[in-house]
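Below is one structure, written out as structure tokens; comments come after it.
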Amino acid sequence: MKTSKTLEKYEKLVGKTFGKLVVIEVTKTISEFNKVNHGIKCLCECGKIVTPKVSKLTGGSIVSCGCFRDRQWAKGYYAWVKNEDKRSL
Ligand SMILES: [Zn+2]
């Protein structure tokens with residue numbers, strides 16, 4: 001039996017955080033030709049569940065479900081983290 005390297009790679013992502021998204025699980029869908037496709041499911045900080053493309057997530061082009069302005073992430077993320085810290089103290 002062939003081991004899925006893709007699946008292994010995806011499983012390692014579970015629990016990791018990318019911007020506002022946390023990878024919660026690996027998804028499995030079976031196509032009409034019995035081909036197994038794997039993907040990942042993420043939980044956004046706002047509570048929304050999304051299934052982004054892994055390459056986009058790990059490449060940094062997706063950092064939220066869309067509730068956050070992704071393009072401003074690089075500029076605003078650290079300021080945002082600071083504010084969050086202040087609020088929780
Ligand atoms: Zn969101």
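The values are calculated or read from the model by the stated rules, or taken from the named source; none is laboratory data. As the structure is a prediction and not an experimental result, all values here were calculated from the model. So basically every Cβ, Gly included, is an ideal-geometry build from the backbone, and we count neighbours across all protein chains shown.
Cβ-Cβ distances below 7 Å connect the following pairs, each with a first residue in the stretch 20-31 that is farther than 19 Å from SER61 by Cα, a second residue that is outside any strand (DSSP E or B) and of a type outside the set (A, V, I, L, M, F, W, C), and a separation of six or more residues or different chains: VAL26/TYR10; VAL26/GLU11; THR27/THR51.
For the stretch 1-24, the set of residues classified as of a type in the set (D, E, K, R) and crowded, with 16+ Cβ neighbours inside 10 Å consists of LYS20 only. Taken as a whole, the structure places VAL26 among residues that are more than 16 Å from the ligand (Cβ to nearest atom), among the aliphatic types (A, V, I, L, M) and modelled with pLDDT of 95 or more. Tell me whether the stretch 46-68 contains one or more residues that are of a type in the set (Val, Ile, Thr), loosely packed, with under 15 Cβ neighbours inside 10 Å and modelled with pLDDT of 95 or more. Among the residues of the stretch 46-68, at least one is of a type in the set (Val, Ile, Thr), loosely packed, with under 15 Cβ neighbours inside 10 Å and modelled with pLDDT of 95 or more, which makes the answer yes.
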